[in-house]
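K.L.:
I'd like to ask some things about the structure below.
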Amino acid sequence: MSDSRSNPRTHVAWRGAVQVAPGQITVIKVVNFSGNGAQILCPKMLAEKQTYQLMLEMPDRRDPTLRVQVVCKATVLYSILSGESYRIGVKLSDIPPEHSQLVQTYINKA
């Protein structure tokens, strides 16, 4: 079986957060990551085609025991109930330039 995604995914276990409404933040878990998207687990359903502010806690390139908080935008591609949480695919955008090398590190691992 082959994966037909345009960008390969790297399996990860990162924490993060999504702003579901003004002043309302929900903790998420990032389960895989690529250069332009991610799959997250979220206790709340996110609306498809809606864009949210997302924060990813990515391990630092030089010291993986440290975390770097990367804030970007995430547009929901799908949201599927999976057990007690939603498995959500997002397209990432507006990744800050200062984090581009860190993001590239995980793209290259795919």
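The values are calculated or read from the model by the stated rules, or taken from the named source; none is laboratory data. In this text, all values refer to a predicted model and were calculated from it rather than measured experimentally. Using ideal geometry, Cβ is built from the backbone for each residue, glycine included, and neighbour counts are taken over all protein chains shown. All accessible areas refer to the heavy atoms of the entire protein, side chains included, with ligands and DNA or RNA removed. Shrake-Rupley method; radii C 1.70, N 1.55, O 1.52, S 1.80 Å.
K.L.:
I'd like the residue in region 87-110 that is within 19 Å of LYS44 (Cα to Cα) and open to solvent by 50 Å² or more (accessible area, probe 1.4 Å) and, out of all such residues, is farthest from the chain's Cα centre (by Cα).
P.N.:
Among residues in region 87-110 that are within 19 Å of LYS44 (Cα to Cα) and open to solvent by 50 Å² or more (accessible area, probe 1.4 Å), the one farthest from the chain's Cα centre (by Cα) is ARG87.
K.L.:
Let me ask something else about it. Applying the selection to region 35-56, what residues are open to solvent by 70 Å² or more (accessible area, probe 1.4 Å) and either in contact with an Asp or Glu (Cβ under 6 Å, 6 or more places away or on another chain) or outside any loop (DSSP other than H, G, I, E, B) (or both)? Spell out how you get there, then give the answer.
P.N.:
If we filter region 35-56 for residues that are open to solvent by 70 Å² or more (accessible area, probe 1.4 Å), which is where we start, we get 43-45, 48-50, 53.
Answer for region 35-56, where residues must be open to solvent by 70 Å² or more (accessible area, probe 1.4 Å) and either in contact with an Asp or Glu (Cβ under 6 Å, 6 or more places away or on another chain) or outside any loop (DSSP other than H, G, I, E, B) (or both): just GLN53.
K.L.:
Step by step: first the residues of region 57-86, then only those that are surrounded by fewer than 16 Cβ atoms within 10 Å (Cβ to Cβ) and in contact with a Ser or Thr (Cβ under 7 Å, 6 or more places away or on another chain), then the one that is modelled with the lowest pLDDT. Which residue is that?
P.N.:
Taking the candidates together, the pick is ARG61.
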